[in-house]
Amino acid sequence: MFKINITNLNDSKVCIIGAGNGGLAAAADLTLRRHEVILAELPEFEENISEIKERGGIHLETLERTGLKGGFAKLYKVTTNISEAISEAKIVLIITPSFAHKKIAEECAEFLKEEHTIVLAPGNLGGSIEFYNSLIDNGGNMNVNISEMECMMFACRKKDNSTIYIRGYKHNLGFSTFPSISTDREFERVKEIYPNIVKRQNVIETGFSNINPILHVPILISNLSIIDNKKNVLMYHEALTKSIEKITEHLDKERMSLNNFGEDIQLKPMSDIYKSWYYHQGARGSSFVELAGENPIYYESELPNTLNHRYLLEDIPYGLIPMISMLDKFEIQSKNIRSIVNTASLISEIDFYKKARTLKTLKLHKKSKEQIINYIKYRN
């Protein structure tokens, strides 16, 4: 078995686990910014990296407004050997769908050490806690810190198996660590590769600051005739309307109600978060119809033509339902978020609650709200 020599961890190398859209974008961007990148994928998904391995890297195309350089990014290493990938890098970015977090933690448990800086991008609500629990359940190091971004760094898509197109690059992206007493240390390390990130107080704030579930789900379930008829419609420039925006505003009010708990949780309005992410790329206005509906980065972002899409399959069980679970614990009503989830379940004929992330699956359901705040800060 491959053993990690801690003294070999290299500050200049970054390991990225996950070769989907986000993983390819991060690998190419960091490489072109002169970091040595190890792109790793689980052996069962080797086909995701076979062409990249053959070509030796990734071709990156960018929208000029992102401020990022495009070109061919020759990667330092591409592998399915997770232990080898982790062994060389001090920073480990895990850029996968939320449903893969437990599996990745299981595969990495033996190899992740407290000297590593581990970041889920994004965590979605509770991701860092779920990842840590899975590490411990599989014999991992109890002193490991797990950090998370509030959203993925890029708006991007694969053009083919070795070409990625980045149209959006978020600034002021929220970052926190579980436990939050370690946020300062981990933040300084990650800021070396993502200088525009900002600190959040804790992983409740990062989890509740991913605005995608609040925005994506209402747009999809409000455009059923377009989706069913597979019409080509731009998601933000056309499918997002003032009426749909009213739905998102009601959901956001419930999300923001968590601020009533006290200074340990202080969330910003959804529109403020979005504007801070994309102001440098042209996001202007106060409403989402203005901010997203007129943002040039979405000039070719089409509405999905199926409900079998991550905007429901990930954003509900790993976004909206964890919100409901947390709001219940804090004795805050979430009738509007619930109604959206129930409507989506009815339409899609999927019981989203069945495999959702909740306080129970995070092993937090027996704790009081005060104990939860203490736990995410000190992990005790």
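The values are calculated or read from the model by the stated rules, or taken from the named source; none is laboratory data. Everything numeric in this text was worked out from a predicted model, so none of it was measured. For neighbour counting, all protein chains shown are included, and Cβ atoms are generated from backbone atoms with ideal geometry for every residue, glycine included.
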Return yes when residue 327 is surrounded by fewer than 17 Cβ atoms within 10 Å (Cβ to Cβ), in the same structural domain as residue 222 (by TED's automatic domain parsing) and aliphatic (A, V, I, L, M) and no when it is not.
-> no
What residue, of 69, 74, is over 18 Å from the mean Cα position of the chain (by Cα), within 30 Å of residue 215 (Cα to Cα) and surrounded by fewer than 17 Cβ atoms within 10 Å (Cβ to Cβ)?
-> 69
Pick from 318, 279, 311, 299: which is surrounded by fewer than 13 Cβ atoms within 10 Å (Cβ to Cβ) and in contact (Cβ under 8 Å) with a residue 60 or more places away in the chain?
-> 299
State all residues of segment 194-237 that are free of Cβ contacts under 8 Å to residues at least 24 places away in the same chain, in a helix (DSSP H, G or I) and of a type outside the set (S, T, N, Q); if no residue qualifies, say none.
-> 228
Tally the residues that are within 23 Å of the chain's Cα centre (by Cα) and either surrounded by fewer than 16 Cβ atoms within 10 Å (Cβ to Cβ) or not assigned by TED's automatic domain parsing to the domain that holds residue 220 (or both), restricting the search to segment 339-374.
-> 6
Being free of Cβ contacts under 8 Å to residues at least 60 places away in the same chain and surrounded by 24 or more Cβ atoms within 10 Å (Cβ to Cβ) is the filter here, so list the residues in segment 113-131 that pass it.
-> 118, 120, 131
Filter segment 175-189 down to the residues that are in contact with a strand residue (DSSP E or B) (Cβ under 7 Å, 6 or more places away or on another chain) and β-branched (Val, Ile, Thr), then identify the one that is surrounded by the most Cβ atoms within 10 Å (Cβ to Cβ).
-> 177
May I ask you to list the residues in segment 86-106 that are out of contact with any Asp or Glu (no Cβ under 9 Å at 6 or more places or on another chain) and over 26 Å from residue 309 (Cβ atoms)?
-> 86, 87, 92
Residue within segment 299-306 that is among the charged types (D, E, K, R), farther than 28 Å from residue 204 by Cβ and at pLDDT 95 or above present = yes
Find all pairs meeting these conditions: Cβ atoms under 7 angstrom apart; at least six residues apart or on different chains; first residue within segment 59-87 and of a type in the set (D, E, K, R); second residue surrounded by 22 or more Cβ atoms within 10 Å (Cβ to Cβ) and assigned to a helix (DSSP H, G or I).
-> 74/31
Odd one out for residue 377, checked against (1) of a type in the set (Lys, Arg); (2) within 23 Å of the chain's Cα centre (by Cα); (3) surrounded by fewer than 15 Cβ atoms within 10 Å (Cβ to Cβ) = (3)
Tell me, which helices (runs of 4 or more DSSP H) wholly within segment 282-357 include 2 or more residues that are more than 18 Å from residue 270 (Cβ to Cβ)?
-> 310-313, 321-329, 335-348
Test: residue in segment 141-163 that is closer than 23 Å to residue 29 by Cα, of a type in the set (Val, Ile, Thr), assigned to a strand (DSSP E or B) and out of contact with any helix residue (DSSP H, G or I) (no Cβ under 6 Å at 6 or more places or on another chain) = yes
